[in-house]
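Everything on this sheet refers to the single structure shown next.
The values are calculated or read from the model by the stated rules, or taken from the named source; none is laboratory data. All of these numbers come straight from a predicted model, not from anything done at the bench. Reconstructed Cβ throughout: ideal geometry from the backbone, glycine too, with neighbour counts over all protein chains shown. These area figures cover heavy atoms from the full protein model, side chains too; ligands, DNA and RNA do not enter into them. Shrake-Rupley method; radii C 1.70, N 1.55, O 1.52, S 1.80 Å.
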Amino acid sequence: MNRDQKAAVIEEVAAQISESDAVFAVDYRGISVPQAAELRTRLRDADASFRVIKNTLSERAADKAGADGLKELLEGPTAMTFVRGDAAAAAKALRDFHRANQLLEFKGGWMNGATLSADEIQSIAQLPSRDVLYGRLVGMVAAPLTGLASAMNGLIGGLARQLSQIAEQGLVGGEAPTPSQTENPQED
């Protein structure tokens, strides 16, 4: 790789770091090309990408992107996962791949300007996905509204029953009693 190619890779990786919501570093020793392709497919569903880059180029890209915390993770064979979507979904995909193949140990990561340990990434992998959390939030917001709608429906139903009883007594619509009927009902 010549100097221009290295500079282009550094620029590209720095842009990926900057655009990512999270970056996870893993030890990629022992992973085969078909396994890497399978992992990339899983990560694509989580809007993440998996990339193996030389550590020296990754260090320069981390410097350029202002992610100094990533540099300490770049010892030994290190692959980067750039997450642009749901960090929990990407962490789960990596964790599940590790459980199935005993490959890809978490080294750490970078999220919201802070360094993550391997244990913190494991904790992120245990979180529900973003869609599940949105669903729970909508349910929590909708529950009081549903209760209010039920209460209002009950009030309107009660009002309708009262009006129906009044109408049956002839006090609304139809024929109203004449004043003489209401003043002296015993004269008949």
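Structure notes:
- A single member of Thr78, Thr115 is in contact with an Asp or Glu (Cβ under 8 Å, 6 or more places away or on another chain), hydroxyl-bearing (Ser, Thr, Tyr) and open to solvent by less than 50 Å² (accessible area, probe 1.4 Å), and it is Thr78.
- The residues on offer are Ala88, Ala36, Ala62, and the sole one that is surrounded by 14 or more Cβ atoms within 10 Å (Cβ to Cβ) and either touching a Ser or Thr at 6+ places or on another chain (Cβ under 6 Å) or part of a loop (DSSP other than H, G, I, E, B) (or both) is Ala88.
- Residues that are without any contact (Cβ under 8 Å) to a residue 60 or more places away in the chain, hydrophobic (A, V, I, L, M, F, W, C) and surrounded by 14 or more Cβ atoms within 10 Å (Cβ to Cβ), drawn from segment 6-21: Val9, Ile10, Ala14, Ala15
- Boolean, Thr81 is of a type outside the set (Lys, Arg), touching a helix residue (DSSP H, G or I) at 6+ places or on another chain (Cβ under 9 Å) and farther than 17 Å from Ala118 by Cα: no
- Segment 94-111, residues that are in a helix (DSSP H, G or I) and open to solvent by 10 Å² or more (accessible area, probe 1.4 Å): Arg95, Asp96, His98, Arg99, Ala100, Asn101
One line per residue, one yes/no per condition, for (1) at pLDDT below 85; (2) among the aliphatic types (A, V, I, L, M); (3) closer than 20 Å to Ala89 by Cα:
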site	(1), (2), (3)
Leu116	no, yes, yes
Glu120	no, no, yes
Ile124	no, yes, yes
Tyr134	yes, no, yes
Ala143	yes, yes, no
Gly147	yes, no, no
Asn153	yes, no, no
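- Among the conditions (1) in a helix (DSSP H, G or I); (2) under 29 Å from the mean Cα position of the chain (by Cα); (3) modelled with pLDDT under 85, Pro128 misses just one, which is (1).
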